[in-house]
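These notes are about the structure you will find just below.
The values are calculated or read from the model by the stated rules, or taken from the named source; none is laboratory data. This is a predicted model, so every value here is computed, not measured. Positions of Cβ are backbone-derived with ideal geometry, glycine not excepted, and every protein chain shown enters the neighbour counts.
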Amino acid sequence: MRSVISIADLTNDEIEDIFALADSADKLRADKVGAGQIMATLFYEPSTRTRLSFESAMQRLGGSVISCSDMKSSSTAKGETVADTAKVVSSYADVLVVRHNWDGAVQAMAEHADVAVINAGDGGHEHPTQTLCDLYTLRKEKGDLKGLTVVVCGDLKNGRTIHSLVYALARFGANVVTLAANGMELPQYVIERLEREYDYGFAPVPTGDLNSVVTETDALYLTPKQPHQLALYTQVDKVIQSQLSSMATGLRYDAFYMTRKQKERMKDGGTNANYPSIGPEFLQEKRFQDTVVMHPLPRVDELSPELDKDRRGIYFKQAANGVPVRMALLEFLRRCNQGQQSGASKAQRAFRSPEPIGPRCHNANCITVKEPASTERRFRIYFADHIGALILGCDYCDHRFKIDYIGNVKTKRYSAFDNALSEMIRDWWDKNELALFDSIKEAEELGYEPTKSSGQRILMAEDEIENALSAISQQILNDCRDPDRLLILGVRSVGAQLAQRIANEIEAQRKRRPELGEIEIYGAGDELRRTGPADPDLGPLSLKDREVVLVDDVIYTGRTVKSALSIIFRSGRPQAVRLAVLVDRGHREVPVKPNYVGKNIPSSENDRVRVRLRGDDRETSDRVVIYSVMNPTASAQTTANSSREKATNH
Ligand code: CP
């Protein structure tokens with residue numbers, strides 16, 4: 001059964017077919033191709049355009065519509081799950097059109113429905129049919145999507161229309177300039193997908209190029225051929241210089257896609273400070289004379305009504321095209337499901353935990369968290385060799401997070417993930433023996449025992465670590481031009497703990513605490529967050545013109561630092577970024593040179609260096625240890641053999 005949950009569920013050719021059907025909407029209407037069809041609209045969130053244009057589309061096709069005027073007056077109010085609602089309503093209708101406030105909820109409903117399901121917007125995740133309207137309108141205006149440069153602007157973090165749109169623009173070979181409101185940057189999981197699946201790279205856009213829209217925000221240019229990709233660094237201090245030389249200059253902006261701040265997805269409704277807007281001055285700029293202005297609507301005050309009469313304002317055309325495009329989509333799905341055609345799929349094998357305890361999606365708004373009964377714990381596995389991490393992607397909401405512990409269901413052994421174990425993990429996965437855990441506690445609750453590790457050698461003891469952190473803190477203060485603009489930013493998790501210790505030292509020396517933040521390379525949402533001072537009135541962490549010190553525990557290949565720098569420069573343009581690490585292992589694949597180093601410990605690839613810091617309880621002590629990775633299967637075998645030997649000997 002074909003459903004459309006993500007824009008990835010349609011191939012480019014199928015999107016072209018849908019556009020051809022939309023061009024012949026009058027004929028579809030005259031032929032009444034939808035006669036006898038019933039469409040159910042289930043909208044758990046408010047809507048004007050999507051709901052009414054779908055309902056109009058089905059009626060124009062000759063079909064009919066059933067609906068709940070307000071889902072709060074449906075049995076949802078009595079606690080019915082989305083799974084049961086989908087199952088029941090699919091016996092009353094031939095197609096369900098669903099909008100839900102939870103990410104991934106429409107996917108869950110499609111898994112329980114017996115008829116086609118169309119995603120009319122799920123939380124902050126995707127809104128694929130809006131993207132169809134956007135592409136159809138843009139193509140009519142500009143002729144072709146390939147090579148266009150589209151500026152996506154505003155709340156790129158929570159705007160579901162943006163997520164579907166940037167994937168589609170990338171697939172059709174357009175360039176994307178991201179111009180986010182502060183703290184509302186494109187999520188890391190979206191960026192990664194653009195990089196991994198479409199080979200997109202970044203370059204900054206010159207400051208000033210987009211001043212008539214916003215003055216406080218930096219723009220980044222995403223392009224398929226990577227001519228401008230952020231340069232690698234020989235000195236972190238020279239990052240800005242590298243960036244300047246790789247700037248995307250002379251861009252022609254074909255379209256501005258403006259979005260509303262998605263206040264309904266923000267805990268505190270968000271601040272209004274420096275939210276980008278398009279006003280009359282935009283229309284005066286010569287460089288924008290052929291730039292069309294788009295918006296999924298509804299607008300609030302980010303788009304001046306003065307644009308309504310200008311030929312470049314095409315947002316009401318986008319809304320009007322909702323009817324022919326949705327007529328075309330309904331007819332496309334009817335034909336597919338009549339012929340039972342299979343279509344584009346995410347086509348990646350899913351990991352299902354064989355154990356009752358195991359990883360859960362870290363996105364608090366994911367259906368798997370909100371209503372686990374309607375879902376299964378199902379993930380895609382990514383081996384991110386470049387940063388030595390095992391990443392899970394939630395199959396419902398697409399959010400990514402890092403997994404630290406792996407286990408084998410047969411041997412009941414667990415160990416920390418290490419890149420060297422990737423092949424063995426693939427093998428276990430093939431045999432359905434792979435267990436994954438978020439924590440040691442989870443593994444031990446299931447009776448797993450740790451894999452025996454090789455002997456560990458202490459490389460830095462408590463005193464040496466204290467002295468190193470004190471020296472680093474002093475050097476940071478010496479180099480800092482304006483300590484009031486200093487931001488200590490730790491890479492989660494050990495880097496963030498070290499950053500806190502450095503901030504403590506600086507506070508002791510200056511009698512004033514620097515601002516402290518945390519950066520999560522594989523986070524479920526907020527990649528950058530302030531960890532101190534804890535003042536909700538401060539708004540999102542701003543990097544603009546700051547002197548940032550990025551702190552990590554160990555530098556080896558340099559790829560983690562590169563990923564962290566990429567996030568930093570996507571989130572604002574700091575005055576300087578310096579790098580502090582406790583241990584430098586000295587084998588760089590990426591030419592990043594730390595400015596502050598606690599200790600140089602040259603070590604081979606098979607060696608693992610781990611920084612273990614004391615907890616707040618101070619029961620354990622700080623130490624840096626070195627050990628080599630052991631294959632957990634071999635370890636288990638050794639244990640099994642030695643048990644057998646013991647049994648024989650007895
Ligand atoms: N663009 C859009 O989804 O509008 P509605 O919320 O009114 O459906």
*asked:* Being surrounded by 18 or more Cβ atoms within 10 Å (Cβ to Cβ), of a type in the set (Asp, Glu) and within 16 Å of the ligand (Cβ to nearest atom) is the requirement here; does GLU55 meet it?
replied: yes
*When you go through (1) over 20 Å from TYR396 (Cα atoms); (2) outside any helix (DSSP H, G or I); (3) within 16 Å of the ligand (Cβ to nearest atom) one by one for ARG99, which number turns out not to apply?*
(1)
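Go through the residues of region 193-203 one by one and say whether even a single one is more than 30 Å from GLN575 (Cα to Cα) and not acidic (Asp, Glu).
Checked against the condition, which is being more than 30 Å from GLN575 (Cα to Cα) and not acidic (Asp, Glu), region 193-203 yields at least one hit.
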*Unique match (being assigned to a strand (DSSP E or B) and either surrounded by fewer than 21 Cβ atoms within 10 Å (Cβ to Cβ) or at pLDDT 90 or above (or both)) among VAL583, VAL590*: VAL583
*Which ones in region 594-608 are crowded, with 18+ Cβ neighbours inside 10 Å and modelled with pLDDT of 90 or more?*
PRO594, ASN595, TYR596, VAL597, GLY598, ILE601
*Can you tell me which residue among LEU169, LEU138 is within 16 Å of the ligand (Cβ to nearest atom), touching a residue at least 24 places away in the same chain (Cβ under 8 Å) and more than 23 Å from MET266 (Cβ to Cβ)?*
LEU138
_Looking only at region 422-464, and only at residues there that are in a loop (DSSP other than H, G, I, E, B) and among the hydroxyl-bearing types (Ser, Thr, Tyr), the one that is farthest from LEU498 (Cα to Cα)_ = TYR448
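Restricting attention to helices (runs of 4 or more DSSP H) lying wholly within region 105-199, give those where 3 or more residues are acidic (Asp, Glu) and at pLDDT below 95.
Hits in region 105-199: 188-198.
Is at least one residue of region 69-79 assigned to a loop (DSSP other than H, G, I, E, B), out of contact with any Asp or Glu (no Cβ under 7 Å at 6 or more places or on another chain) and buried (at least 17 other Cβ atoms within 10 Å of the Cβ)?
No, that holds for no residue.
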*Which one of the conditions (1) among the charged types (D, E, K, R); (2) within 16 Å of the ligand (Cβ to nearest atom); (3) modelled with pLDDT under 85 does ASP268 fail to meet, given that it meets all the rest?*
(2)
*Do we find that ASN158 is surrounded by 21 or more Cβ atoms within 10 Å (Cβ to Cβ), farther than 20 Å from PHE19 by Cα, within 16 Å of the ligand (Cβ to nearest atom) and of a type in the set (S, T, N, Q) in this structure?*
yes
*Determine which member of the set VAL325, VAL300 is surrounded by fewer than 22 Cβ atoms within 10 Å (Cβ to Cβ), of a type in the set (A, V, I, L, M), closer than 27 Å to GLY124 by Cα and within 16 Å of the ligand (Cβ to nearest atom).*
VAL300
_Matching option when the condition is charged (D, E, K, R), more than 20 Å from the chain's Cα centre (by Cα) and modelled with pLDDT of 80 or more, among LYS286, LYS225_ = LYS286
*Which one of these is away from the ligand (no atom under 16 Å from the Cβ) and under 27 Å from PRO296 (Cα atoms): ASP70, ASP94, ASP23, ASP31?*
ASP23
*Could you please find all residues in region 465-494 being closer than 26 Å to ALA389 by Cβ, part of a helix (DSSP H, G or I) and at pLDDT below 95?*
VAL494
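A quick yes/no check of all residues on (1) over 34 Å from the mean Cα position of the chain (by Cα); (2) polar (S, T, N, Q):
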| site | (1), (2) |
| --- | --- |
| VAL33 | yes, no |
| THR41 | no, yes |
| ARG49 | no, no |
| LEU52 | no, no |
| GLN59 | yes, yes |
| ASP70 | no, no |
| SER75 | no, yes |
| TRP102 | no, no |
*Among the residues of region 362-377, count how many are of a type in the set (D, E, K, R) and at pLDDT below 95.*
2
*Hits in region 58-67 - residues which are buried (at least 18 other Cβ atoms within 10 Å of the Cβ) and more than 16 Å from the ligand (Cβ to nearest atom)*: ARG60, LEU61, GLY63
*Only one of these conditions is not met by HIS125: (1) within 16 Å of LEU333 (Cα to Cα); (2) within 16 Å of the ligand (Cβ to nearest atom). Which number is it?*
(1)
*asked:* Can you list residue pairs whose Cβ atoms sit under 7 Å apart, with the first residue in region 356-375 being under 17 Å from ASN158 (Cβ atoms) and the second being surrounded by 20 or more Cβ atoms within 10 Å (Cβ to Cβ) and among the charged types (D, E, K, R)? Count only pairs 6 or more apart in sequence or on different chains.
replied: ASN363/ASP103; ASN365/ASP103; CYS366/ASP103; ILE367/ASP103
*Can you find a residue in region 395-403 that is at pLDDT 90 or above, β-branched (Val, Ile, Thr) and more than 30 Å from GLY124 (Cα to Cα)?*
no
_Criterion: more than 27 Å from TYR275 (Cβ to Cβ), more than 20 Å from the chain's Cα centre (by Cα) and without any contact (Cβ under 8 Å) to a residue 12 or more places away in the chain - qualifying residue of ASP144, ASP114_ = ASP144
*Identify, please: which residue in region 34-50 is within 12 Å of the ligand (Cβ to nearest atom) and not in a loop (DSSP other than H, G, I, E, B) and is, among those, nearest to SER73 (Cα to Cα)?*
PHE43
*Search region 436-453 for residues that are of a type in the set (Phe, Trp, Tyr) and pair each with any residue that is in a strand (DSSP E or B) and buried (at least 16 other Cβ atoms within 10 Å of the Cβ) when their beta-carbon atoms are under 7 Å apart and the residues are at least 6 apart or on different chains.*
PHE437/TYR405; PHE437/GLY407; PHE437/TYR414; TYR448/GLY407; TYR448/ARG413; TYR448/TYR414
